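> Before anything else, here's the structure in question.
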Amino acid sequence: MAAKGKKKSSNEPTIENRKARFDYAIIDTVETGMVLTGSEVKSVRDGKVSLAEGYVRVELGMVKGKLAQAGRGVKTNPPPPVAGRRPVMRIRPAEPGLWLHSVNIAEYAPAGASGAAGQHLPTRTRKLLAHKKEIAKLAKEVSIKGMTLVPLKIYFKNGKAKCLVGLARGKSHEDKRDTIAKRDAQRDIQRAMSRRA
């Protein structure tokens, strides 16, 4: 029986986007859930994911199985007709959501051949789950020029796939050179410390 307060050791991988930390200055982060199919979860557990080309957008998504259009709602099922009255169509506005684009989750070989029913599309757009307040805050921040949302990390927490999304501002060429110089200086310090020990 495991003692209280101790975490279970997990051999599930953490996939990090190192390129994003080099290309962008990360201002804030938000942990989101991910809507994945079964074969996608198995591929993520195997670590077969590439985050380098990925990006996140705040946009209108799916409501009741239909694609929502910007500024419009989607018609829901009408109420039953009442004698002598015309049926009224109720419109529910589509809410913005977070969507993960261009992240490559490799096909899972045991799920069948490419295009099989159990197989997924490697670079399909995936929905991210977050609270409405967090989505509204990110939408407001991204509307500022130069700000973007990038996926920083995919990992498992309590058996559920999570994506760490970073609110980021692009670095200039000079900033990238400074980052390289700091990294090289840190390496030199580590080498000098290891030689002394």
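The values are calculated or read from the model by the stated rules, or taken from the named source; none is laboratory data. The model shown is predicted, which means the values in this text are computed figures rather than measured ones. FYI the Cβ positions are ideal-geometry reconstructions off the backbone, even for glycines, and counts take in every protein chain you see.
> Do the conditions hold for residue 177, that is, is it surrounded by fewer than 16 Cβ atoms within 10 Å (Cβ to Cβ), of a type outside the set (A, V, I, L, M, F, W, C) and assigned to a helix (DSSP H, G or I)?
Here the answer is yes, as residue 177 does meet what is asked.
Conditions (1) modelled with pLDDT of 60 or more; (2) farther than 23 Å from residue 158 by Cα; (3) in contact with a Phe, Trp or Tyr (Cβ under 7 Å, 6 or more places away or on another chain); (4) in a loop (DSSP other than H, G, I, E, B), marked per residue:
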site	(1), (2), (3), (4)
2	no, no, no, yes
8	no, no, no, yes
11	yes, no, no, yes
25	yes, yes, no, no
32	yes, no, no, no
39	yes, no, yes, no
57	yes, yes, yes, no
69	no, yes, no, yes
97	yes, yes, no, no
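> Tell me whether region 182-189 contains one or more residues that are surrounded by 14 or more Cβ atoms within 10 Å (Cβ to Cβ) and acidic (Asp, Glu).
No - not one qualifying residue is present in region 182-189.
> Where residues in region 99-115 are outside any loop (DSSP other than H, G, I, E, B) and at pLDDT below 90, which of them is farthest from the chain's Cα centre (by Cα)? Give the derivation first.
Taking region 99-115 and keeping what is outside any loop (DSSP other than H, G, I, E, B), we get 99-101, 104-105, 109-111.
When the remaining residues are screened for being at pLDDT below 90, the result is 109-111.
Details: 109: 24, 110: 25, 111: 23 Å.
So, considering only residues that are outside any loop (DSSP other than H, G, I, E, B) and at pLDDT below 90, the one farthest from the chain's Cα centre (by Cα) is 110.
> Which of the residues belonging to region 151-197 are under 15 Å from residue 25 (Cα atoms) and among the hydroxyl-bearing types (Ser, Thr, Tyr)?
Listed by number, the residues that qualify are 172, 179.
> Could you give me the residue pairs with C-beta distances under 6 Å whose first residue belongs to region 31-51 and is at negative phi, whose second residue is in a helix (DSSP H, G or I) and at pLDDT below 90 wherever it lies, and which are 6+ apart or on separate chains?
If the second residue must be in a helix (DSSP H, G or I) and at pLDDT below 90, the pairs left are 39/111.
> Restricting to region 162-174, give me the number of residues that are outside any strand (DSSP E or B) and surrounded by 15 or more Cβ atoms within 10 Å (Cβ to Cβ).
1
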